[in-house]
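**Student:** After the structure tokens below, expect a handful of questions from me.
The values are calculated or read from the model by the stated rules, or taken from the named source; none is laboratory data. Computed from a predicted model, the values in this text were never measured in an experiment. When we count neighbours, we look across all protein chains shown, and the Cβ atoms used for this are built from the backbone with ideal geometry, even at glycine.
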Amino acid sequence: MRLLHTADWHLGQTLHGFAREHEHERFLDWLLDRLEDRAVDALIIAGDVFDGQNPPIPALGLFYRFLAKAKARCPALDIVVVAGNHDSGSRLEAPSPLLTEMGVRVVGALPVDEEGAFAPEGLVVPLTGRDGTVAARCVAVPYLRPADLPPLGEEEIAAGADPLVEGVRRVYADAAEAGRRALRPGEALILTGHCYMRDGALSELSERKILGGNQHALPVDVFPEDAAYVALGHLHRAQAVGRRESVRYSGSPLPLAVDEEPYPHQVVLTDVAEGRLVGVELLRVPRFVAIRRVPGGGRFAAPEDALAALTALELDDKLPREGWPYIEVSVELPAPRPALREEVIAALAGRPARLVKLSLRLTGSGEALAESVPLADLADLAPEDVFLRLYRRHHEGEPEPALLAAFHELVATVQEGA
Ligand SMILES: [Mn+2]
């Protein structure tokens, strides 16, 4: 049986004010072709389908059109969708009565029984292989919020257990056990997750540090060894986790921030047979709109050099407006230059390109210019950074871990609109 694993579509995202709809549409068309020509049996979307809790109408249209086309072109395709931290779980699940009929299973939140207790059987989705028989059981675990986790006993807390990490471990243990109970001989156990794993390589700007920030990154052993494959979402850089080839982030199909430009964006094709992982192939997603960084590579250019490089950029006049490249310019300033933004805009005026970001670094000395102070753009700061800056302004030292955890919980509550 062949699975295609993808995540972090972030439909409805804008890049510094520019809608990505055109790129998403091209990606989804590309994906439909791959589902068909690579004879995919099951599609797993591991969270962050949408960029926000209340997706814009064009983003909803893209998603539902994609599902309808996928089922029309590949009627036997099983589709599993779990919510990520950006999604509203309940909004994603709302059309379930229709989607389940179509063979699309959406899990926005952990299922509970009549008493409100976690009912992990509700997460288990059978996946059928080429011959029409069940080849795998997917335990579709969505992004877990702190409120989803079982409380620890006092003894465990006294022994130093981390309530978030141990809570997640317990949810996965129960979920995997429900999957195992459903397995028949020769079927594979597959898990999903939307979480931040320890040793995961971040692309800092566009992923939120979830579940209490970095200190609560999960160890890879929360996933049982008998899982044939674990399809993860959240980190936008594709990677296997903890040296386990079977535990993977597919990565996002598009760069969602300019600093995600250098690495390949892809989806994962996974083959399972006789209950085991037998093959992994990474399919590179074409870059539908280019990101051009001046000077690039995280470096800063002198103003004259940056302006000259912009003027010299080779741009394609035949591209439609939505295909114009995104331009980032990074400039090092020895002295203030208030008109720089206007100069940059003038260098690109009338040309087929979109300026998304102008980053400045001050390098002069003296009273007016601090030594090499990067000017922070509020949009680039994570809530935690703002909190830390404010804390340091009013207090000595760093905030206590408990205070930081409480802050993260508050931010998560606000972001989820709960
Ligand atoms: Mn995420």
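Let's see how each residue does on (1) under 30 Å from ARG137 (Cα atoms); (2) of a type outside the set (D, E, K, R); (3) in the same structural domain as LYS357 (by TED's automatic domain parsing); (4) within 16 Å of the ligand (Cβ to nearest atom):
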{"residue": "GLY242", "(1), (2), (3), (4)": "yes, yes, no, no"}
{"residue": "SER252", "(1), (2), (3), (4)": "yes, yes, no, yes"}
{"residue": "ALA257", "(1), (2), (3), (4)": "no, yes, no, yes"}
{"residue": "GLU261", "(1), (2), (3), (4)": "no, no, no, no"}
{"residue": "HIS265", "(1), (2), (3), (4)": "yes, yes, no, yes"}
{"residue": "VAL268", "(1), (2), (3), (4)": "yes, yes, no, no"}
{"residue": "ALA273", "(1), (2), (3), (4)": "yes, yes, no, no"}
{"residue": "LEU277", "(1), (2), (3), (4)": "yes, yes, no, no"}
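Each row is one residue, and each column tells you yes or no for (1) among the small types (Gly, Ala, Ser); (2) surrounded by fewer than 19 Cβ atoms within 10 Å (Cβ to Cβ).
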residue	(1), (2)
LEU62	no, no
VAL81	no, no
HIS86	no, no
VAL125	no, no
THR128	no, yes
ALA135	yes, no
VAL139	no, no
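**Student:** Can you go through GLY186, GLY193 and tell me which one is away from the ligand (no atom under 16 Å from the Cβ), at pLDDT 85 or above and either touching a strand residue (DSSP E or B) at 6+ places or on another chain (Cβ under 9 Å) or part of a strand (DSSP E or B) (or both)? Please lay out each step first, then the result.
**Tutor:** Numbers: GLY193 fails: away from the ligand (no atom under 16 Å from the Cβ).
Only one candidate passes the filter, namely GLY186.
**Student:** Consider ALA76 carefully, then state whether it is farther than 27 Å from GLN13 by Cα, in contact (Cβ under 8 Å) with a residue 12 or more places away in the chain, touching a strand residue (DSSP E or B) at 6+ places or on another chain (Cβ under 8 Å) and not acidic (Asp, Glu).
**Tutor:** On the way: farther than 27 Å from GLN13 by Cα: yes; in contact (Cβ under 8 Å) with a residue 12 or more places away in the chain: yes; touching a strand residue (DSSP E or B) at 6+ places or on another chain (Cβ under 8 Å): yes; not acidic (Asp, Glu): yes.
Here the answer is yes, as ALA76 does meet what is asked.
**Student:** If you don't mind, another one. What residue, of ARG337, ARG361, is part of a strand (DSSP E or B) and out of contact with any Gly (no Cβ under 7 Å at 6 or more places or on another chain)?
**Tutor:** The unique qualifying residue is ARG361.
**Student:** For PRO95, state whether it is surrounded by fewer than 18 Cβ atoms within 10 Å (Cβ to Cβ) and touching a Leu at 6+ places or on another chain (Cβ under 7 Å).
**Tutor:** When the stated conditions are applied, PRO95 does not pass them.
**Student:** Exactly one condition in (1) over 28 Å from PHE18 (Cα atoms); (2) within 16 Å of the ligand (Cβ to nearest atom) is false for ILE45; which is it?
**Tutor:** Only one criterion in (1) over 28 Å from PHE18 (Cα atoms); (2) within 16 Å of the ligand (Cβ to nearest atom) is unmet by ILE45, namely (1).
**Student:** Output the strands (runs of 3 or more DSSP E) that fall wholly within the range 59-164 and possess 1 or more residues being of a type outside the set (Asp, Glu) and over 20 Å from SER252 (Cβ atoms), or say none.
**Tutor:** By residue number, 104-107, 124-128, 134-139.
**Student:** Let me ask something else. Is it the case that LEU28 is at pLDDT 95 or above and not in a helix (DSSP H, G or I)?
**Tutor:** For LEU28, the condition - at pLDDT 95 or above and not in a helix (DSSP H, G or I) - is not met.
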